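Note sheet for the following structure.
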Amino acid sequence: MTRKPPDHDIDESQLDVHQPKTWAAGLPGVLVSTQRGFEQMGVTRTVRTLRLLNQQHGFDCPGCAWPDPQGHRKLAEFCENGAKAVAEEATLRRVGPEFFAAHPVAELAGKTDYWLGQQGRLTEPMVLRPGATHYEPIAWSDAFGLIAQHLNGLSSPDEAVFYTSGRTSNEAAFAYQLLVRSFGTNNLPDCSNMCHESSGAALNQTIGIGKGSVSLADFDEADLIVVVGQNPGTNHPRMLSALEQAKGNGARIVAVNPLPEAGLMRFKNPQNVRGLIGKGTPLADEFCQIKLGGDLAFFQAIGHLQLAEEEAAPGTVLDKEFVRARTHGFDDYAKSLSEVDWDAIDEATGLSRNQIVDVARAFAKSERTIVCWAMGLTQHKHAVATIREIVNVLLMRGMIGKPGAGVCPVRGHSNVQGDRTMGIWEKMPEKFMAALEAEFGIPVPRKHGYDTVDALRAMHSGQARTFFAVGGNFVAATPDTELTEAALRSCELTVQVSTKLNRSHVVPGDTALILPTLGRTERDERNGVEQFVTVEDSMSVVHASRGRLAPASEHLMSEVDIVCRLARAVLGAHHPVPWESFTSDYDLIRERIARVVPGCSDYNAKVRQPDGFVLPHPPRDAREFPTTTGLANFTVNELEYPHVPAGRLLLQTLRSHDQYNTTIYGLDDRYRGVKDGRRVVFVNAADITDFGLRDGAFVDLVSEWNQAGSVVERRAERFRVVEYPTTRGCAAAYFPEANALVPLDSVAETSNTPTSKSIVVRLEAVA
Ligand code: SF4
């Protein structure tokens with residue numbers, strides 16, 4: 001399979017490449033934030049909009065899920081990438097019917113993701129009819145009628161797939177899963193399947209809840225913070241403020257990552273003079289430049305060394321009382337790590353023994369340790385085992401349910417955690433299903449549905465025929481681009497509920513619909529009464545978000561409205577769920593959330609508190625572990641790591657600094673020194689030499705996947721080699737451009753998450 005570059009006017013041979021930055025944010029961050037705002041919204045609207053961002057009376061950032069401070073908020077409570085996200089949504093550019101009349105779908109399909117995103121906000125529902133070359137307008141009622149006709153014409157509800165992106169509010173997500181389950185299926189894949197599913201799987205098994213156990217306040221108390229497989233400078237930039245403050249309080253920071261990302265090294269906080277024009281704050285005290293996929297070995301080594309230290313000086317490392325009273329399986333774990341294969345650890349991590357010993361000592365000495373991670377851990381074959389090893393290392397020292405300590409999987413999309421809480425999951429627990437059934441008096445299917453990977457397989461094989469997405473850009477978010485596109489094109493109907501034009505709109509089924517929706521920034525009025533929605537951040541804080549701007553078009557509907565109207569069209573007017581009242585007053589949805597979703601009692605009152613409320617988390621709150629054993633579980637994990645054949649590299653996909661998930665804000669990656677281009681592959685200088693290449697050469701990236709004994713190749717054409725200080729043997733390229741290289745069948749064990757951080761590739765020089 002070969003992925004050609006889109007027709008575009010970006011010429012990577014003209015790329016401007018500079019030395020990577022060794023610090024993040026500062027004055028350039030402020031300048032870029034304002035410049036992007038001015039370009040998209042003009043000066044006045046930029047000022048007005050940014051003053052509402054992440055404020056108690058304003059709207060939640062549509063970017064990542066980093067929490068807001070409790071109590072007082074600063075005037076500018078956002079980061080550069082939050083400002084960019086808002087500028088993209090509140091843009092004054094518009095994509096109306098005249099745009100679609102002027103551009104056939106085939107032409108749009110040849111444009112870059114950046115070009116598509118820059119066209120502006122969608123203004124009216126559009127349909128692409130079978131055999132048509134252009135989208136054309138369609139009335140909302142006709143659009144709902146068309147979808148209902150398709151859905152009700154399926155042989156089984158399981159032939160439909162209902163995807164959700166992490167921007168969807170709690171109210172829309174709750175109504176959406178209710179519609180889907182009322183329709184008769186649990187086919188509810190979401191973007192979490194591709195990111196933190198591995199975290200959820202590991203944490204559910206070990207501590208009994210698939211969410212992080214720390215709060216923002218814990219960062220102030222921690223004395224050791226370990227950031228693994230994460231690039232906070234780009235993906236969760238306000239985390240840098242928390243790290244800076246922790247540093248100020250005396251915490252030691254250890255960064256474990258294949259790339260020396262600017263945001264791990266030094267932070268120039270734009271909120272103060274020292275940050276704006278001074279040197280800023282150094283962050284990582286220790287940088288472990290690990291090989292891709294070497295983290296399981298790293299944490300096993302840490303565990304082994306801690307156990308050895310305890311044996312040498314009993315009572316100095318283990319929290320014996322916690323281990324005895326609150327955990328299960330310690331003896332097996334300790335026995336499994338009594339000996340480790342140091343040769344394998346050296347090979348897997350690429351780190352020096354001294355460095356590992358030094359970090360192990362820091363763990364052993366720390367009184368309050370937080371371990372944070374993101375996609376660098378979760379998108380590997382052995383991701384779940386790796387996260388279980390992190391839990392092992394923390395449990396032996398009693399670091400869960402203690403101030404200043406715990407696990408911190410950092411979520412990358414603003415409400416991805418809330419959507420899961422509200423029931424967006426293909427295998428919600430029985431307790432939730434029974435409560436839903438009792439509350440609404442409807443039968444709820446119990447058969448597990450498709451996650452993202454299985455949904456793609458089902459669509460590709462013809463077992464699923466309708467695809468409906470609330471938000472997101474499915475084609476750009478998923479692996480194996482050729483297969484994903486074929487899967488969508490084979491559907492009889494594809495529906496995208498979207499704010500802006502994206503790649504998924506130009507990869508249509510036989511019939512395709514675009515349903516334009518309100519963004520977070522926009523006022524949502526029902527019968528003259530302003531509504532608000534709620535979201536949950538990475539640390540389980542649920543709070544309100546109130547859009548204040550006038551909608552981009554009078555034809556937009558809120559996601560709640562779209563879901564509820566569709567429900568009436570599909571399920572009929574006599575369905576027991578009061579869909580009509582739900583759309584006129586979101587409090588009525590929240591009343592039902594309060595009765596169905598654990599931890600949400602009195603929801604309407606609690607989300608009206610200025611900072612919202614924190615969902616219960618038994619391990620954090622009371623050192624109670626709702627696992628199968630009733631205790632926190634130690635686990636024994638085989639040592640695994642990627643084995644890369646000679647002459648090949650291990651490639652990870654990652655974001656540029658001008659990108660948020662699949663949204664491309666611009667063509668620069670300031671921190672990595674790349675300007676005006678995206679089809680680049682970052683390669684270590686020694687690897688470039690070994691492969692007989694040179695910095696600036698062009699190559700095809702060819703992934704090799706062993707399938708049933710034969711090697712299947714996937715090719716992404718024409719990437720420019722950029723010499724970069726990444727770990728030897730480990731390369732990197734941006735997604736979605738490199739997604740074409742990730743085989744659909746290459747997934748993490750247990751979580752089924754595509755292994756986008758672990759792709760064996762060869763580089764083939766091209767002219
Ligand atoms: S850190 Fe995340 S939530 Fe906060 S402003 Fe930046 S992108 Fe938005």
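Under 5 Å from the amide H of Arg526 lie the amide H atoms of Gln531, each residue being 5 or more positions distant or on a separate chain, with H modelled from the backbone and absent for Pro and chain starts.
DSSP beta bridges fully contained in the stretch 171-329 are about 20 percent antiparallel. Normalised size of the stretch 539-626, defined as Cα radius of gyration per 2.2 N^0.38 Å with N residues, equals 1.37.
Put simply, the amide H of Val680, placed in the peptide plane, has neighbours under 5 Å in Arg720, Tyr734, leaving out anything fewer than 5 places away on its chain. Rg over Rh for the stretch 140-182 works out to 1.00, both radii taken from alpha-carbon positions and Rh defined as the Kirkwood radius.
In terms of the ratio Rg/(2.2 N^0.38 Å) built on C-alpha atoms, what value belongs to the stretch 602-728?
Output field value: 1.67.
Around the Cα centre of the chain, unit charges on the Cβ atoms of Lys, Arg, Asp and Glu (plus for the first two, minus for the last two) sum to a dipole of about 1340 debye. Net charge dipole, the stretch 625-765: roughly 320 debye, given to the nearest 20, about the Cα centre with Cβ charges of +1 for Lys and Arg and -1 for Asp and Glu. Straight-line reach from Lys268: which aspartates and glutamates have a Cα under 20 Å away, not including same-chain ones fewer than 8 places off? Leaving aside aspartates and glutamates fewer than 8 places away in the same chain, those within reach of Lys268 are Asp68, Glu77, Glu80, Asp220, Glu244, Asp285, Glu286, Asp658, Asp668, Asp669. Charges on Cβ only, +1 for Lys and Arg, -1 for Asp and Glu, centred on the Cα centroid of the stretch 661-725; of Ala697, Ala686, Val674, which one is farthest towards the dipole's positive end? The one lying farthest along the dipole's positive direction is Val674. From the Kirkwood radius over Cα pairs of the stretch 468-537, Stokes-Einstein at 25 °C and 0.890 mPa s returns a whole-number translational diffusion coefficient of 179 µm²/s. When the alpha carbon gyration tensor of the stretch 299-392 is reduced to an equivalent ellipsoid, its three semi-axes come out at 21, 17, 14 angstrom, largest first.
Protection proxy ranking for 489-498, 305-314, 708-717, using the average of other Cβ atoms within 10 Å per residue and placing the highest first: 489-498, 305-314, 708-717. Farthest towards the positive end of the charge dipole of the stretch 611-745, among the residues Val722, Gly647, Val712, is the Cα of Val722, using unit charges on the Cβ of Lys, Arg, Asp and Glu.
Each principal axis of the Cα cloud of the stretch 1-156 was evaluated for its coordinate range; sorted largest first, these ranges are 53, 46, 35 Å.
Within the chain, which complete DSSP H helices have Cα atoms spanning at least 24 Å along the helix axis and a mean Kyte-Doolittle hydropathy of 1.0 or higher?
Helices meeting the span and hydropathy rule in the chain: none at all.
Rounded to the nearest 0.05, what FRET efficiency is calculated for Ala573 and Glu437 with R0 set to 25 Å and r the Cβ-Cβ distance? After rounding, the FRET efficiency stands at 0.70. Taking all Cα-Cα distances within the chain, those exceeding 54 Å account for 5%.
Rounded to the nearest 20 debye, the dipole magnitude of the stretch 233-331 is 660 debye, with +1 charges on Lys and Arg beta carbons, -1 on Asp and Glu beta carbons, and the Cα centre as origin.
Cysteines of the chain lacking any other cysteine Cβ under 4.7 Å from their own Cβ: Cys61, Cys64, Cys79, Cys191, Cys195, Cys288, Cys491, Cys564, Cys600, Cys730. Within the chain, DSSP assigns beta bridges of which about 45% are antiparallel (rounded to the nearest 5). Ranking Leu456, Ile593, Val228 by Cα position along the charge dipole of the chain, where only Lys, Arg, Asp and Glu carry charges on their C-beta atoms, puts Ile593 farthest toward the positive end.
Every number in this text was worked out from the coordinates using simple rules, so none of it is lab data. Note that the structure is predicted; figures quoted are calculated from it, not measured. Glycine gets a Cβ as well: all are built from the backbone with ideal geometry, and neighbour counts include every protein chain shown.
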